[in-house]
């Protein structure tokens, strides 16, 4: 357990630092998928293998690909020095982040969580489905949340299409015009 | 097998305390917050926000597995959070695309259209 934990923790944290500090945006995206894979490994360790599968499918697959498409559409080739990718808040930002991290880590470690033991999670996909629908002893609010999330996803997809659509007569299609 | 080696092996197999996962989540959240504060590129800011969301998910699932009264509800919340994050990244990248189309840049300190 300890070997797996140390491996996954170092993978996750080093990849997270890579997202922040790498000079190429594409490298940032690839580091981000590495961090997501580390979190998926944590989910497997935490008795949630179905959630780990969701994580790999949605984050490592879909979100990384969408972000790579976004990079493809929005980046010009540019000189990538540290001065150009960071804004002027690098040291105040580091101070604030260290403050937040140290505060959270301190509070979460001194808090008495009572009797904790691993293995209370729901391993079965059937149990996860019952929790998601709010039946079978799960909090019944989950049924409402499930419906709200589906509406939210629909609205978000429509909004994404509407926001990113080119208005008629605005801009040129480079592949056609030039 | 000598007893020291056996003890070492049992130590290696011991369960990780809950605080281990929580501290990893907290550090990951702090790294994501740092990146969201200092990076100029809007797409990288989105990536850092995704990192923060993942750190919170990790904490939720750790609680669901370790607290006996949680009943595994944290995994359900994590699924909902993943759905909200997917919606956020879709809308966010659409906005980044629209901004790039009109301003030819996605650097967050050059886009000052709504500055008073």
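Before we move on, is residue B:79 modelled with pLDDT of 90 or more, surrounded by fewer than 20 Cβ atoms within 10 Å (Cβ to Cβ) and under 26 Å from the mean Cα position of the chain (by Cα)?
No.
All but one of (1) modelled with pLDDT under 90; (2) surrounded by 24 or more Cβ atoms within 10 Å (Cβ to Cβ); (3) at the interface with chain A (Cβ under 7 Å from one of its Cβ atoms) hold for residue B:30, so report the exception by its number.
Among (1) modelled with pLDDT under 90; (2) surrounded by 24 or more Cβ atoms within 10 Å (Cβ to Cβ); (3) at the interface with chain A (Cβ under 7 Å from one of its Cβ atoms), the lone unmet condition for residue B:30 is (1).
All but one of (1) within 18 Å of the chain's Cα centre (by Cα); (2) surrounded by fewer than 22 Cβ atoms within 10 Å (Cβ to Cβ); (3) closer than 30 Å to residue A:126 by Cα hold for residue B:62; state the number of the condition that does not hold.
Exception for residue B:62: condition (2).
Just wondering, is there one or more residues in the stretch A:78-92 that are more than 7 Å from every other protein chain (Cβ to nearest Cβ) and modelled with pLDDT of 90 or more?
no
Can you tell me which residues in the stretch A:159-178 are modelled with pLDDT of 90 or more and surrounded by 12 or more Cβ atoms within 10 Å (Cβ to Cβ)?
A:159, A:160
Please verify whether the stretch B:6-15 includes one or more residues that are at pLDDT below 90 and either under 30 Å from residue A:131 (Cα atoms) or surrounded by 23 or more Cβ atoms within 10 Å (Cβ to Cβ) (or both).
Taking every residue of the stretch B:6-15 in turn, at least one turns out to be at pLDDT below 90 and either under 30 Å from residue A:131 (Cα atoms) or surrounded by 23 or more Cβ atoms within 10 Å (Cβ to Cβ) (or both).
Residue A:65 fails exactly one of the following numbered conditions: (1) surrounded by fewer than 23 Cβ atoms within 10 Å (Cβ to Cβ); (2) facing chain B (nearest Cβ under 7 Å). What is the number of that condition?
(2)
Of all residues in the stretch B:58-83, which are within 29 Å of residue A:158 (Cβ to Cβ) and facing chain A (nearest Cβ under 7 Å)?
Listed by number, the residues that qualify are B:75, B:76, B:78, B:79, B:80, B:82, B:83.
Would you mention how many residues in the stretch B:15-26 are without any contact (Cβ under 8 Å) to a residue 24 or more places away in the chain and in contact with a helix residue (DSSP H, G or I) (Cβ under 7 Å, 6 or more places away or on another chain)?
4
Restricting the stretch B:36-56 to residues that are facing chain A (nearest Cβ under 7 Å) and within 12 Å of the chain's Cα centre (by Cα), which is nearest to residue A:44 (Cα to Cα)?
B:54
Have a look at A:21, A:46, A:51, A:17 and point out the one that is under 30 Å from residue B:12 (Cβ atoms), crowded, with 16+ Cβ neighbours inside 10 Å and without any contact (Cβ under 8 Å) to a residue 40 or more places away in the chain.
A:17
The values are calculated or read from the model by the stated rules, or taken from the named source; none is laboratory data. Predicted model only: the values in this text are computed from it and were never measured. FYI the Cβ positions are ideal-geometry reconstructions off the backbone, even for glycines, and counts take in every protein chain you see.
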